[in-house]
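The values are calculated or read from the model by the stated rules, or taken from the named source; none is laboratory data. Just so it is clear, the structure is predicted and the values come from calculations on it, not from any experiment. Using ideal geometry, Cβ is built from the backbone for each residue, glycine included, and neighbour counts are taken over all protein chains shown.
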Amino acid sequence: MKKTFSIGGVHPNDSKISAGCRIEMLPVPQTVYISMAQHLGAPATPVVSVGDRVKTGQVIGEPAGFISAFVHSSVTGTVKSIGPRPDLAGNKVTHVEIAVEEDEWAEGIDTSETVVREIPRDNAFILDRIKSNGVVGLGGATFPTHVKLSPPPGKKAEILIINGAECEPYLTSDYRIMIEKPEQIVIGAGIMKQVLGGPRTVIGIEDNKPEAIASMQAAVEKLSVLSPSYSGIEVMVLKKKYPQGGEKQLIDAVARRQVKSMGLPIDVGAVVQNVATSMAVYDAVMKNRPLITNTLTVTGDCLPAERQKNLLFRIGVPFSFIIEQTGGMPENAVKVISGGPMMGKAISNLDATTVKGSSSVLYLTAAQTVRRPESNCIRCAKCVEACPMGLEPYLLNKLARNGMMEELEQNAIQDCIECGCCLYSCPANIPLLDVIRVAKGDVMRAIRARSAKK
Amino acid sequence: MNRLLVSPAPHLHVRTSTASLMRDVVIALLPTVIVSILFYGWREIMILAVSVVSCVLLEYLITRFLLKRESTVSDWSAVVTGVLLALNLPATSPWWMVLVGAIVAIGVAKMTFGGLGQNLFNPALVGRVFLLISFPVAMTNWGPVQGFVGNADAVTGATPLGLAKEGGVAAVSSLDYLDMLYMNIGGSAGELSAIAIIIGFIYLLARKVIRPHITLSIWITVFVFSGIMWLADPSVYTDPVFNLLTGGILLGSVFMATDYVTSPMSTAGGIVFGIGIGLITMLIRYFGSYPEGVSFAILIMNSTVPLINKAFRNKKYGR
């Protein structure tokens, strides 16, 4: 039987409308704005000045802490300004504005398409390449990859899971790279496997992507013949269920291990990396290519078939430019989302720029997304059945509305992964996650304050 | 340019709503309603009409004029209560008794607690048990009633469980299980046809309105408990198949024990709840003074739901 995670989950229609669209190159606009806060942790510090000429792939931001990342210019041009600019939610973040000129790559970057398969033996060199090329997790959290690949002393990776679940409806960028760049992904997995000391390595893909499964299996077979670095890498077919791509759920599905509350995957010997991250690791290590491009899906039920796209974009391109290049926003769209419909962010500012983790421009109509009025909880337990963390959202909602902090913590609100299954499945339209998210923030602050005092 | 809607994730929502779920319960009850009308004719139509209309109207009046809130009748839950109450009454019930049942069900058991979602006890069952205690003779008057099919005598005057209580196992030895399965046993409208109820059960499962754990744990408990007793002394205790097919076990286990509001939240809790209902039902049937105990069993277990919700929880991830 195909594996999946053991607790909860929901089955939204997967709506992978753009699955058949080959990845196309998005043109570069006149101006790009590169955010210094594209990763989890401290924003990078700009290291260029207004008037500087920068090349494609040149460092323009340096990490400002242990959990932080390098930021590179995705274009060649002149720095026009450095300063605060609203991101997609309207929050002011430092951006470097660059007026684009003729593309010229920085020295030392291999821009050819030749696939390099011989993994360097020096792990320190590999980790340095991953760090200096600004690789972060592209599955959603944008956690700096080199940190995740350096387990703290005493902890050992026993399983490396490459996340090809892409469980969010509509998104197809991971699917496309698994079909078009399978070798690069497997080589990236081989590199990470070596750095982690050769743990069991599993590429997890949901069963609604048979072509991706076949393509990845073929790549693994081909490479394992060429080099022992790739032998033993498994492709595991998973039974489709949201949120399979959640780190905790994927570890449960693949390895039947559960991360303890407030713990990290490495505590149970697991490291999870997205397929797009794996490709970025390949680019960084084998090509010395920084993370300056990514793939995103332009989709939605209200978008005509010929305008559905999977695009390779230069990071820092404004969303408005992507929308303009793909024929504009459909008439009946009311919401534009960056990310999937279950966990993605609604964009309030279309002039905001893409970042390393941008995975989609998704249009939703009013009928799809406008919330219906809330009514009484009928205690149907659908939220309890849906919660992949085994929590009781109906109870957390009630406790939160009454401000019962201690009870919220006892009932494990801090374990919530904000996947949205509860709100999605509630027939009474109670904004469960909205309430829980806010209360979880309060509880987390209280927990942190308490542990700081100790 | 379009105006942008901004709200927190998730941005999609299931198509089901409280109203669609409740409407599905009504649809699942239709086979049983049709069988009861065929067998009890115009009287059953009158009872259904009085029950549904008074339940809906009462909820409307109470929300609008007593509580001064927006009416909640569009959620179909009052219709469910109305149909269930009607199916729990004998076909001989006078209209005023049905009305009293509806007033207790909606007025007392549901709206005094705050309406749908807040009530501790299943409203239709509270209505039925109130009538059973207040009007014991009328509530056990099984006819004869002339229906649209067959003649009035085809439906016996007493329920199989009533016969068994009076005359022991010998009194029901001539009854045919196939009759029970189809439609031919005396009792409340909802006790007529096991097949009709099972069709409704399958519909509810297929539409994912309910999960089967509560219903099945009641069936298994009734079957196992009565099986043990029957094996111990078949001359005193009725057999397990008889106990599953007669009385309110099927209607109660499919439509009333699974009531969202008054059943436990977790799977384990639901199973404990079902076992409790099965055990109490059989204890009343074998040793109590009433021939049937499903209503009491469900109401008693309803009162334990808050405790069950505390004691039996789903396993949390990583804990």
Among the candidates B:THR262, B:THR238, single out the residue that is modelled with pLDDT under 95 and either hydroxyl-bearing (Ser, Thr, Tyr) or under 18 Å from B:TYR290 (Cα atoms) (or both).
B:THR238
Scan region B:55-63 and give yes if some residue there is surrounded by fewer than 18 Cβ atoms within 10 Å (Cβ to Cβ), without any contact (Cβ under 8 Å) to a residue 40 or more places away in the chain, aliphatic (A, V, I, L, M) and farther than 30 Å from A:ALA366 by Cα, otherwise no.
yes
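Condition test on A:MET343, is it in contact (Cβ under 8 Å) with a residue 40 or more places away in the chain and more than 11 Å from chain B (Cβ to nearest Cβ)? Before the answer, list the steps.
Working: in contact (Cβ under 8 Å) with a residue 40 or more places away in the chain: yes; more than 11 Å from chain B (Cβ to nearest Cβ): no.
Considered against the rule, which asks whether it is in contact (Cβ under 8 Å) with a residue 40 or more places away in the chain and more than 11 Å from chain B (Cβ to nearest Cβ), A:MET343 comes out as no.
Every residue, every condition in (1) at pLDDT 95 or above; (2) buried (at least 23 other Cβ atoms within 10 Å of the Cβ); (3) of a type in the set (A, V, I, L, M), yes or no:
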site: A:GLY164; (1), (2), (3): yes, yes, no
site: A:ASP174; (1), (2), (3): yes, yes, no
site: A:ALA189; (1), (2), (3): yes, yes, yes
site: A:GLU206; (1), (2), (3): yes, yes, no
site: A:SER231; (1), (2), (3): no, no, no
site: A:GLN244; (1), (2), (3): yes, yes, no
site: A:LYS248; (1), (2), (3): yes, yes, no
site: A:VAL259; (1), (2), (3): yes, no, yes
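Can you tell me which residue among B:ILE280, B:ILE308, B:ILE271 is of a type in the set (Val, Ile, Thr) and closer than 20 Å to B:GLY127 by Cα? First the steps, then the outcome.
Working: B:ILE308 fails: closer than 20 Å to B:GLY127 by Cα; B:ILE271 fails: closer than 20 Å to B:GLY127 by Cα.
Among B:ILE280, B:ILE308, B:ILE271, only B:ILE280 is of a type in the set (Val, Ile, Thr) and closer than 20 Å to B:GLY127 by Cα.
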Over region A:353-410, the set of residues more than 7 Å from chain B (Cβ to nearest Cβ), closer than 16 Å to B:ASN309 by Cα and in contact (Cβ under 8 Å) with a residue 60 or more places away in the chain is A:GLU385
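Does region A:224-276 hold any residues that are basic (Lys, Arg) and over 30 Å from B:HIS13 (Cβ atoms), and which are they? Give the derivation first.
Taking region A:224-276 and keeping what is basic (Lys, Arg), we get A:239-241, A:248, A:256-257, A:260.
Once the filter is applied, which keeps residues that are basic (Lys, Arg) and over 30 Å from B:HIS13 (Cβ atoms), region A:224-276 yields A:ARG256, A:ARG257, A:LYS260.
Please enumerate the residues belonging to region B:96-124 that are without any contact (Cβ under 8 Å) to a residue 40 or more places away in the chain and either within 12 Å of chain A (Cβ to nearest Cβ) or under 21 Å from A:SER375 (Cβ atoms) (or both).
Applying the first criterion (without any contact (Cβ under 8 Å) to a residue 40 or more places away in the chain) to region B:96-124 yields B:96, B:100, B:104, B:108-109, B:112-114.
B:ALA109, B:THR112, B:PHE113, B:GLY114 - these are the residues of region B:96-124 that are without any contact (Cβ under 8 Å) to a residue 40 or more places away in the chain and either within 12 Å of chain A (Cβ to nearest Cβ) or under 21 Å from A:SER375 (Cβ atoms) (or both).
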In this structure, does A:LEU223 turn out to be farther than 27 Å from A:GLN308 by Cβ, in contact (Cβ under 8 Å) with a residue 40 or more places away in the chain and assigned to a helix (DSSP H, G or I)?
yes
Going through (1) surrounded by fewer than 23 Cβ atoms within 10 Å (Cβ to Cβ); (2) of a type outside the set (D, E, K, R); (3) within 14 Å of chain A (Cβ to nearest Cβ) one by one, B:THR258 fails only at (1)
Looking only at region A:133-162, which residues are touching a Lys or Arg at 6+ places or on another chain (Cβ under 9 Å) and either surrounded by fewer than 19 Cβ atoms within 10 Å (Cβ to Cβ) or basic (Lys, Arg) (or both)?
A:GLU158
Please determine, by comparing only the residues of region B:48-95 that are over 16 Å from the mean Cα position of the chain (by Cα), outside any loop (DSSP other than H, G, I, E, B) and within 14 Å of chain A (Cβ to nearest Cβ), which one is nearest to B:VAL25 (Cα to Cα).
B:ASP75
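Could you check, for region B:74-94, whether at least one of its residues is surrounded by fewer than 18 Cβ atoms within 10 Å (Cβ to Cβ) and among the hydrophobic types (A, V, I, L, M, F, W, C)?
Checked against the condition, which is being surrounded by fewer than 18 Cβ atoms within 10 Å (Cβ to Cβ) and among the hydrophobic types (A, V, I, L, M, F, W, C), region B:74-94 yields no hits at all.
For region A:233-242, give me each residue that is free of Cβ contacts under 8 Å to residues at least 60 places away in the same chain and either loosely packed, with under 15 Cβ neighbours inside 10 Å or under 11 Å from A:PRO388 (Cβ atoms) (or both). Write out each step before concluding.
Restricting attention to region A:233-242, the residues satisfying the condition of being free of Cβ contacts under 8 Å to residues at least 60 places away in the same chain are A:233-235.
Answer for region A:233-242, where residues must be free of Cβ contacts under 8 Å to residues at least 60 places away in the same chain and either loosely packed, with under 15 Cβ neighbours inside 10 Å or under 11 Å from A:PRO388 (Cβ atoms) (or both): just A:GLU234.
Tell me, which strands (runs of 3 or more DSSP E) wholly within region A:21-104 include 2 or more residues that are surrounded by 19 or more Cβ atoms within 10 Å (Cβ to Cβ)? Before you say what the answer is, go through the steps one by one.
Numbers: elements: A:23-25, A:31-35, A:59-62, A:77-86, A:92-100.
Passing ranges, in order: A:31-35, A:59-62, A:77-86, A:92-100.
Residues in region B:116-128: is at least one part of a helix (DSSP H, G or I) and either over 16 Å from the mean Cα position of the chain (by Cα) or among the aromatic types (Phe, Trp, Tyr) (or both)?
First, pick out the residues of region B:116-128 that are part of a helix (DSSP H, G or I): B:123-128.
Those left that are additionally either over 16 Å from the mean Cα position of the chain (by Cα) or among the aromatic types (Phe, Trp, Tyr) (or both): none.
There is no residue in region B:116-128 that is part of a helix (DSSP H, G or I) and either over 16 Å from the mean Cα position of the chain (by Cα) or among the aromatic types (Phe, Trp, Tyr) (or both).
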